[in-house]
1. Those residues that are more than 15 Å from the chain's Cα centre (by Cα) and in contact (Cβ under 8 Å) with a residue 40 or more places away in the chain, I need them from the stretch 240-251; list them, please.
2. Is the stretch 271-279 home to any residue that is part of a loop (DSSP other than H, G, I, E, B) and modelled with pLDDT of 80 or more?
3. Take the residues in the stretch 152-176 that are among the small types (Gly, Ala, Ser) and assigned to a helix (DSSP H, G or I); name whichever of them is surrounded by the most Cβ atoms within 10 Å (Cβ to Cβ).
4. Report yes if some residue within the stretch 234-252 is farther than 25 Å from Tyr106 by Cα and modelled with pLDDT under 85; otherwise report no.
5. Going through Gly128, Gly85, Gly100, Gly149 one at a time, which residue ends up being under 18 Å from the mean Cα position of the chain (by Cα), at positive phi and surrounded by 14 or more Cβ atoms within 10 Å (Cβ to Cβ)?
6. Taking the stretch 59-71 as the region of interest, how many residues are under 24 Å from Trp169 (Cβ atoms) and touching a Pro at 6+ places or on another chain (Cβ under 9 Å)?
7. Answer with yes or no whether Gly149 is modelled with pLDDT under 95 and within 17 Å of Asn38 (Cβ to Cβ).
8. What do you reckon, is Ala60 farther than 15 Å from Ala37 by Cα and modelled with pLDDT of 95 or more?
Amino acid sequence: MPPEIKKRRPRKRRWRRFREGEVHRGTYIVPNLFTTANLFCGFFGIVSAIDRHFEVAALAILASCVFDILDGKVARLTRATSRFGVEYDSLADLVAFGAGPGLLMYLWALRPFGRLGWLAAFVFMACGALRLARFNVQVDSVSSKFFVGLPIPGGASMVATTVLFVSQWSAIPPAHLSAIPLLIATYLLGFLMVSTLPYNSFKDFEFIKSKPLPMLFFIIVGLTVVAINPAVMLFFLVLAYVVSGPAWYLICRYRGIAVADKRSLPLPVEEPVKELPASEVRGEEPEAKS
C-alpha cells in the first residue's frame, strides 16, 4: 500500500506591517483610476461633439476637470505619486483638455471659417501640449503657489463654459459673423497657455489652515452663487480666472514689481548694493570715534 498522502493545510496569509513612509504597491492604482476616468470623460466629450451634442461635450470637459483635481489630491494624500502617474496624467490631459475642447470649439462655432477655423483648434491643442511639457520639466523648480501660464484645464474650462453660456440664450450654434470673437478667443487662449503670466494655483494650504472658518464661509457662498445659474456663473468665474493672469502682470508692472519667470513668483526689485568703506574691504578694524 502506498503511504497516505497527507493533505497540506493552506497557509494563512501573514499581514506585514509597513514601515513608516512605505506605500503598498496596490495604492498606486487608485490615482490612476481617477486619471482613467479623466481620460474617459475626455473621449466621451469628443464623441459627443462629433454627434453634435455640444452641451453634453462641455459637461464632459468639466467632469474631466473634477477627476483631474482628484487624481492629484489622492496621489498626494496616499503618497502614491510616481513618474508613471505623472506621464499618464499628462497624456490624459492632452486628450481631455487639448483635443476635446479644440474639436468642440471647431465643430460648434469655427467650422464656417474653414482652414482658419481648424487651425485655431489646432493651435489651441498644440499650445496645450507645450504647456503640459513645460509643466513636467519645471515641476521641481517652479513655486507651487503660482502657475507659469494659463493651465490647460483652465483653457478647456473656458471653452466648455462658453458653450454652456451661449446655449442658455440660443440653442443654435453661432453663425459666421457672430463667431469671430470666439475665433479670436481660441487663439488668445492658446497664447495664454504658452505665456509666462502668473496664475494662482490655490495651493496655499498655510493660509487655509490659518483661517479655516472664513475659507469655509467663502466656499459655501461660492457654491450657493453657482447654484443660482450654473452655466452663467461658471462662465464668469472661469473668465475671471483667465483674466487674472494679465491683470496681475499689469499690476506688478505698475507697482514696479518684477515677476520672475523661473520661480513664477512676484519678486521685489533688488535694492542697489551699498558700497563698503575701504577699511572694511581690507579687513581692518574701524577707527574708534573719540
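1. Taking the stretch 240-251 and keeping what is more than 15 Å from the chain's Cα centre (by Cα), we get 240, 243, 246-251.
Selection gives Pro246, Trp248, Tyr249.
2. First, pick out the residues of the stretch 271-279 that are part of a loop (DSSP other than H, G, I, E, B): 271-277.
When the remaining residues are screened for being modelled with pLDDT of 80 or more, the result is none.
Scanning the stretch 271-279, I find no residue that is part of a loop (DSSP other than H, G, I, E, B) and modelled with pLDDT of 80 or more, so the answer is no.
3. Our first condition is that a residue be among the small types (Gly, Ala, Ser); within the stretch 152-176, this holds for 154-157, 160, 167, 170-171, 175.
Of the ones still in play, those that are also assigned to a helix (DSSP H, G or I) are 154-157, 160, 167.
Details: Gly154: 22, Gly155: 27, Ala156: 32, Ser157: 25, Ala160: 30, Ser167: 16.
So the residue we want is Ala156.
4. Our first condition is that a residue be farther than 25 Å from Tyr106 by Cα; within the stretch 234-252, this holds for 244-252.
Those still in the list that are modelled with pLDDT under 85 too: 252.
Yes, that holds for at least one residue.
5. Numbers: Gly128 fails: at positive phi; Gly85 fails: at positive phi; Gly100 fails: at positive phi.
It is Gly149.
6. Of the residues in the stretch 59-71, the ones under 24 Å from Trp169 (Cβ atoms) are 59-63, 65.
Subsequent filtering for residues that are touching a Pro at 6+ places or on another chain (Cβ under 9 Å) retains 61, 65.
Residues in the stretch 59-71 being under 24 Å from Trp169 (Cβ atoms) and touching a Pro at 6+ places or on another chain (Cβ under 9 Å): 2 in total.
7. Details: modelled with pLDDT under 95: yes; within 17 Å of Asn38 (Cβ to Cβ): no.
So Gly149 does not fit the description; no.
8. Numbers: farther than 15 Å from Ala37 by Cα: no; modelled with pLDDT of 95 or more: yes.
So Ala60 fails the test.
The values are calculated or read from the model by the stated rules, or taken from the named source; none is laboratory data. This one's a predicted model, so the numbers in the text were calculated from it and none came from an experiment. When we count neighbours, we look across all protein chains shown, and the Cβ atoms used for this are built from the backbone with ideal geometry, even at glycine.
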